[in-house]
Each structure stands twice: as C-alpha cells, then as structure tokens.
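Shown next, in structure tokens, is the structure this report addresses.
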Amino acid sequence: MKMHRVPSSRLMGGFFLRPSVGIMLLIVTCSLFCSPVERAYAEQDPLQELGRTAVLDTMLQNAVRRGLISGAVVLVGNRNGTLYTHAAGRAGFEPASRPLTVGTVFDVASLTKVFATTPAVIRLMDQGALSLLDPLSRWFPEFRGKEITVLHLLTHTSGLHDGMLDPSAPLESAISRAASQSSDKPGTRFLYADINFILLGNLVRRISAFGLDGYCQEAFYQPLGMRSTSFNPVANNNTAATLGGRNGVLNGVVQDDNARLLGGVAGHAGLFSTAEDLGRFSRMLLSGGTLDGQRVLSSRAVAQMTAPYFFRNGKIVRGLGWDRESPFSAPKGALFSEVSYGHTGYSGSSVWIDPEANLYVVLLTTRLDYRNRRGFNRLRSDISTLAAALFAGHEKMADAQMPQNTVP
C-alpha cells in the first residue's frame, strides 16, 4: 500500500487516538508491514490472536459501551466486493430493542446529498440538460440578478445559509427566503448549508419532470440492485431508530425537520439505505460508473464529480457534492489517500471511498450522544484508519484470513 505523509494535525482526522486504539493500530500495521521477526513480536499480543479484524469489532463494542452509540454496522469493500462486515449493538435505544444486522435500514441523513442529489445532477449534466456554470435563475426566476450557479450549490460556495421552513408552504419558503438573502459574492467562501441541496433536489424535478425519489430509483437504485434504498421507506421490523420528533424516537421517518416538512423527499436528507446498498453504489463509483454490467454514470461523469475544488488557500478541498478535505472529513482517517472522498450524515452515518487504495468504508450507527462530536468524529476516523491498515492493497491477504463474520 502506498503510504501518505500526513501532518500531525491530520492524525486520525485531527483527533489523537486513545492509547488502546493506538496499540490496536500498531499491532495491525506491524502484522501487515513489518519484517517476519518484528511480526513475531506483535503476534505475542493476545489481540493478534483474536484475528486481524477483531480490532474493528472491539472498537464498535467500546463505542456502544461508552454510550456514544446504541449500535453500528460497518462494511468495508473494494470494487470487487465486500471484504468485511460487522453489526454490533441495537437498532433502537431500549435494552429490549432488536439487534442490528448488516441488512438494517438506516436514515442516512446528509448522505442523501451524494447518494441521490449529486449523482442525479451530474447525470443530467452528462446528458446535456445543464452545465455547472448555468445560473440558478435559469430554473428559479426568484434568483434573477444573483450570480449563483449550479457549481456554487454543489460546492457549498453559494453564500446561502440555512433556516427553518414555513410549514404551510415549505418548498416555496425555502426558495423565497434563499433568494432574498443578502450574502457574500458566490464562489468566495465555503459555507456548508442544506439549502444548496434543497434547491438542487428541486432542480432535478424541474429538469426531468421526475421527483428526486423517482428519478434516483429509475436511474440508480434499480439498475444497481439497491433494493433497500428509498425515500419514505415502507415500515418494517428492520429499520434503525433515530432520536427526534415529538415522541423522542423516529423509526422509518426522516430525522431532519426540514426534510419532514418537505414530505420526506429532499435534496439534503430523507434517503434510507443499508450498508450493503451503499457498498454497491461505492463499488460502482470505484468502477467508473458501472456495476455488474450495468452502467449508470459515464466514467467522465464520475471523474468530474470527484475532482478537487480548492478553497481557503487549499485548506478545504471539495468535489461536486463530495467532501475531500474539510472540517467534516473525519472519516478520511490517517491512511486514506489525498484523492479519496466521502461524506457524513448527522444521524451517525458516513462513507469514505479511496480510488487509489481501491477501498471504501461504510459506517452506519444508531447515534445516542450528539453533544460529543469530538468523540464521534474520532470513532469515524479510527474505523477508517484501521480499515485502511487492514485491507488497502491487501485483498489477497484479507481473503485468506477472513473471519466468520466476513463476506467474501
């Protein structure tokens, strides 16, 4: 595996590892990269005897024990398939809640932006229906006189900021309030805001005459065999809960307030999916837009979607929709390459994909502690770093040493 030098401030996504996690990483790294003599010393540690992937299992169980999450599903794979899966903990917040499985459906929150809205916009662009430099006013006359483009929305550089919507007219209020904002000149600074993708989600409808949900089902989820991915899922007994709403717990209903006002289908949130389905979409991206003989995006579109855009003198790097290096990129960890990309979701979800290492990591959780953001980002970073140490460039070794909870 090609190793990348990272500044100390980027170590583990900007967070220092707890000593126990540092020891785990040392053991894993030594088992992969050390000489036979050095490896023999590492193998004397009891953790090594538990198997190389036991460190990931243990990390999830520790997060449950600390009350950071109620449960989690992790899936690691490459363009050829799944290398590792593990489910730990519960799908709800009560002791009697059912256990999570790798097929549990989660509210993936802002992963909607990159597993629905962004690819829909990029596909329409690839078909010639729009361009990145098109002014937003081409479809939204309310923005006439403003210089906001499709590119500004996709990179969160429009200058627009978020606010609650009017329950009596949610979409209309989202558009009118955004159009009336006095903001910085578009393109001058990065400001992450859901309103950018609320507008993009509606743009898909205005161009294609399909709602975002219908468009994505036909263009992506059905061809890719993502059978458990949808907006407003049908209630079932294998859906993970989220905290929120009047009753305190939501199940099968989107957690984000504005997405609920928009009927559960919005460009910024509302998608429900499984680790397995998100893995299939990630494999498609690693394979340049195709999976199992089904092409859903051109290789050019995938390359353009994930190419870097630099802001704040290079301190922030974004793709189109996707994150590459920013305050939100904890799931990048310490070992993923500079060409890797991904995204996070408030509900406790994240995906990070590395074309250079041929690897992706999906993390879905029933998040409990929303105040401990530092601890949660550390978990995201630690999971990705250990996954990269275990599996990046070592598919044959991983296949030879798969534990029982690993899917070939």
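Details
- Spans of helices (runs of 4 or more DSSP H) in the stretch 66-185 with at least 3 residues of a type in the set (A, V, I, L, M, F, W, C) and within 23 Å of the chain's Cα centre (by Cα): 118-126, 150-154
- Selection within the stretch 264-281 - free of Cβ contacts under 8 Å to residues at least 60 places away in the same chain and assigned to a loop (DSSP other than H, G, I, E, B): Gly264
- Flag if Ala259 is closer than 17 Å to Asp213 by Cβ, in a loop (DSSP other than H, G, I, E, B) and in the same structural domain as Phe93 (by TED's automatic domain parsing): no
- Matching residues in the stretch 287-331 - criterion: being among the aliphatic types (A, V, I, L, M), over 17 Å from Phe115 (Cα atoms) and part of a loop (DSSP other than H, G, I, E, B): none
- Summed over the stretch 204-246, the residues that are closer than 13 Å to Asp277 by Cα, outside any loop (DSSP other than H, G, I, E, B) and out of contact with any strand residue (DSSP E or B) (no Cβ under 8 Å at 6 or more places or on another chain) give a count of 1.
- Within the stretch 133-146, if we keep just the residues that are touching a residue at least 40 places away in the same chain (Cβ under 8 Å) and within 14 Å of Ile207 (Cβ to Cβ), the residue that is surrounded by the fewest Cβ atoms within 10 Å (Cβ to Cβ) turns out to be Trp139.
- The stretch 219-247 - residue that is free of Cβ contacts under 8 Å to residues at least 24 places away in the same chain and of a type outside the set (D, E, K, R) and, of those, farthest from Arg123 (Cα to Cα): Asn247
- In the set Gly244, Gly187, only one residue is over 20 Å from Ala129 (Cβ atoms), touching a His at 6+ places or on another chain (Cβ under 7 Å) and buried (at least 16 other Cβ atoms within 10 Å of the Cβ); that residue is Gly187.
- For the stretch 92-128, the tally of residues that are of a type in the set (A, V, I, L, M, F, W, C) and over 28 Å from Gly214 (Cβ atoms) stands at 3.
- Selection of the stretch 188-218 for residues being more than 16 Å from Lys113 (Cβ to Cβ), touching a residue at least 40 places away in the same chain (Cβ under 8 Å) and among the small types (Gly, Ala, Ser) yields Ser208, Gly211.
- Selected residue (only one of Gly345, Gly321 is buried (at least 24 other Cβ atoms within 10 Å of the Cβ) and either within 18 Å of Gly159 (Cα to Cα) or assigned by TED's automatic domain parsing to the domain that holds Leu151 (or both)): Gly321
- The stretch 348-385: number of residues that are assigned to a helix (DSSP H, G or I), touching a Gly at 6+ places or on another chain (Cβ under 8 Å) and buried (at least 24 other Cβ atoms within 10 Å of the Cβ): 6
The values are calculated or read from the model by the stated rules, or taken from the named source; none is laboratory data. Given the structure is predicted, the values throughout are model-derived calculations rather than measurements. Cβ coordinates were reconstructed from backbone atoms using ideal geometry, including for glycine residues, and neighbour counts include every protein chain displayed.
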